[in-house]
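Peer 1: Pasting in a structure now, in structure tokens, and then I'll have a few things to ask.
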Amino acid sequence: MMRKWTAASVAVAMAAAIWIVSPSTAEGERSALVGAQVTGWSGLDGCTDPALEGHLCGVLTVPVDRRHPDAGTLDLDVLVAGDPAARRTLLLLTGGPGQPGPALAPRLLSAFAGIADQYKIVMLDQRGTGAHALDCPQLQQERGGVDLLVPSRDAVRECAETIGRIRQHFHTTDTVADLDDLRRALGVRRWAVDGVSYGTYTGARYAAAHPRHVTQLVLDSPVPVTAFDATVAEIFPDFARVMRLVCAAGGRDCPGDPAADLHTLLERRPALGPDLLNLVTTIGYFDSAELADLPERLHAAADGDDGPIEEMLAPFPDIVAAPADQYSQGIQATTLCADLDFPWGGADSPERFRDRAADRAVARLSEHELFPFNREAARGNGEMVLCENWPRMPDRPVPAADLRVRVPTLILAGDHDLGTPLTWARRAHREIPCSRLEIVRGAGHATQFGGHPEINALVARVLLR
């Protein structure tokens, strides 16, 4: 029987993933953890927000543009949990790009109870997130807390204009430099790094740039560091696999093949491709249990009854609404459009040629490669449209040799994850020589925080070696 996919069900899931409090510092005795002095470091004091009681908070001030220090500064909120006097340090990186750091501490830190007495655990707002998030009101209203919802061109252009010329200084390369500033501010020589979702991209980039400062790397729900396919067709087979797994789970008797039913629906209504891609991905992100409703809804649509699937699509923008301090669409645009290569090239590609380059790339895809989606989903997905309309800006490509990770790495992946599918985790495992891949059966996105104590125990064992 189909359950009603309600705003409440997804709102609860989003609240679990994005729980907002505002960290601040109190006057009082400075922590001995300050370490080597770094310009722009406040030091650490007790957090004043009741939700962060018992932890230490500080502010790291970094230059907007390291080549031109007079261009201004950015404040990054920092939190230290665990044992502040511990000899070992863990840097925990949240996702997006767009999520805050310290604000998520009440939700995330319980996963590290097994190491809290032997590690100081550090979280921060990566540049452009949290209390100092880049805020683009129209784009934020349209996309909320998701990645693949298709934005309007007006919202994208307004966002770029709102942020202004500094938008070229939100590459992950800039964030990697911020992280090493934080390491020095804390007086840490080497630390372990644990990244979740986009945090895996930042963490892997940091480990590649500063291998001598990383003891271990944990990549939970990894995002590709190399060879990103902007059509996202490379992960379409994961959608067919996961929907079929959902049917097989617990002996569930699905009315048909959900992948074939999805394809049949899109043959009749091809323009739904981007919306259905976004819908299925987002359900997988926030509450993979809701995927169990899809087979019956898709089968009804394949038989010509669109009502059940329309019921899920209609309230979608309101369900995933989120303010910039919870999930900044401004930093999502500035960082992704700066970091990634698209069919038209990098961020400095002429805008007038982008649509034709994207059309050609999608035209080369076979029907087999597109299944169970279609060309419209590949061509019109939210990330493709976002960056196609993002204004040209200077590109700062990173040589492939500088993306190689050469530190011991634990890779975690849920086999039901559609946000960062198993395809990407397996690629990371192939590309990182000293890596171990742990696939969590039945798990969705962010396995460390999805109620899998065996994974928390495994991470603790790895970090305590």
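The values are calculated or read from the model by the stated rules, or taken from the named source; none is laboratory data. Keep in mind it's a predicted model, so treat the numbers as computed, not measured. Reconstructed Cβ throughout: ideal geometry from the backbone, glycine too, with neighbour counts over all protein chains shown.
Peer 1: Would a scan of the range 197-213 turn up a residue that is over 27 Å from residue 134 (Cβ atoms), modelled with pLDDT of 95 or more and of a type in the set (S, T, N, Q)?
Peer 2: No, the conditions are met nowhere in the range 197-213.
Peer 1: I'm trying to understand the selection: among the residues of the range 181-209, which are under 27 Å from residue 228 (Cβ atoms), of a type in the set (A, V, I, L, M) and not in a helix (DSSP H, G or I)?
Peer 2: Answer for the range 181-209, where residues must be under 27 Å from residue 228 (Cβ atoms), of a type in the set (A, V, I, L, M) and not in a helix (DSSP H, G or I): 192, 193, 196.
Peer 1: Given the conditions (1) hydrophobic (A, V, I, L, M, F, W, C); (2) part of a loop (DSSP other than H, G, I, E, B); (3) in contact with a helix residue (DSSP H, G or I) (Cβ under 7 Å, 6 or more places away or on another chain), which single one is not true for residue 377?
Peer 2: (2)
Peer 1: Kindly evaluate residue 39 against the criterion of being closer than 30 Å to residue 396 by Cβ, modelled with pLDDT under 85 and surrounded by fewer than 21 Cβ atoms within 10 Å (Cβ to Cβ).
Peer 2: yes
Peer 1: Among the residues of the range 58-104, write down those that are of a type in the set (D, E, K, R), closer than 24 Å to residue 216 by Cβ and touching a residue at least 60 places away in the same chain (Cβ under 8 Å).
Peer 2: Passing the criteria: only 88.
Peer 1: Among residues belonging to the range 215-230 that are out of contact with any Phe, Trp or Tyr (no Cβ under 6 Å at 6 or more places or on another chain) and surrounded by fewer than 24 Cβ atoms within 10 Å (Cβ to Cβ), point out the one that is modelled with the lowest pLDDT.
Peer 2: Filtering the range 215-230 for residues that are out of contact with any Phe, Trp or Tyr (no Cβ under 6 Å at 6 or more places or on another chain) and surrounded by fewer than 24 Cβ atoms within 10 Å (Cβ to Cβ), the one modelled with the lowest pLDDT comes out as 227.
Peer 1: Which condition number in (1) surrounded by fewer than 22 Cβ atoms within 10 Å (Cβ to Cβ); (2) on the phi < 0 side of the Ramachandran plot; (3) not polar (S, T, N, Q) is the one that residue 79 fails?
Peer 2: (1)
Peer 1: Here is a further query. Which helices (runs of 4 or more DSSP H) sit wholly inside the range 94-180 and have at least 2 residues that are over 30 Å from residue 82 (Cβ atoms) and either more than 14 Å from the chain's Cα centre (by Cα) or among the small types (Gly, Ala, Ser) (or both)?
Peer 2: Output list reads 137-143, 153-163.
Peer 1: While we're looking at this one, here's another question. Taking the options 141, 118, name whichever one is surrounded by fewer than 17 Cβ atoms within 10 Å (Cβ to Cβ) and under 18 Å from residue 216 (Cα atoms).
Peer 2: Going through 141, 118 in turn, the sole match is 118.
Peer 1: May I pose another question? Among the residues of the range 380-431, which ones are over 20 Å from residue 361 (Cα atoms), assigned to a helix (DSSP H, G or I), touching a residue at least 40 places away in the same chain (Cβ under 8 Å) and not hydrophobic (A, V, I, L, M, F, W, C)?
Peer 2: 402, 423, 427, 431
Peer 1: Could you grab the pairs with beta carbons closer than 7 Å, sequence gap of 6+ or different chains, first residue in the range 438-465 and over 25 Å from residue 248 (Cβ atoms), second one of a type outside the set (A, V, I, L, M) and in a loop (DSSP other than H, G, I, E, B)?
Peer 2: These pairs meet every condition: 456/114; 457/114; 460/114; 464/118.
Peer 1: If we only count helices (runs of 4 or more DSSP H) wholly inside the range 255-355, which ones have 1 or more residues that are free of Cβ contacts under 8 Å to residues at least 40 places away in the same chain and among the basic types (Lys, Arg)?
Peer 2: Once the helices (runs of 4 or more DSSP H) in the range 255-355 are filtered for at least 1 residues that are free of Cβ contacts under 8 Å to residues at least 40 places away in the same chain and among the basic types (Lys, Arg), what remains is 258-268.
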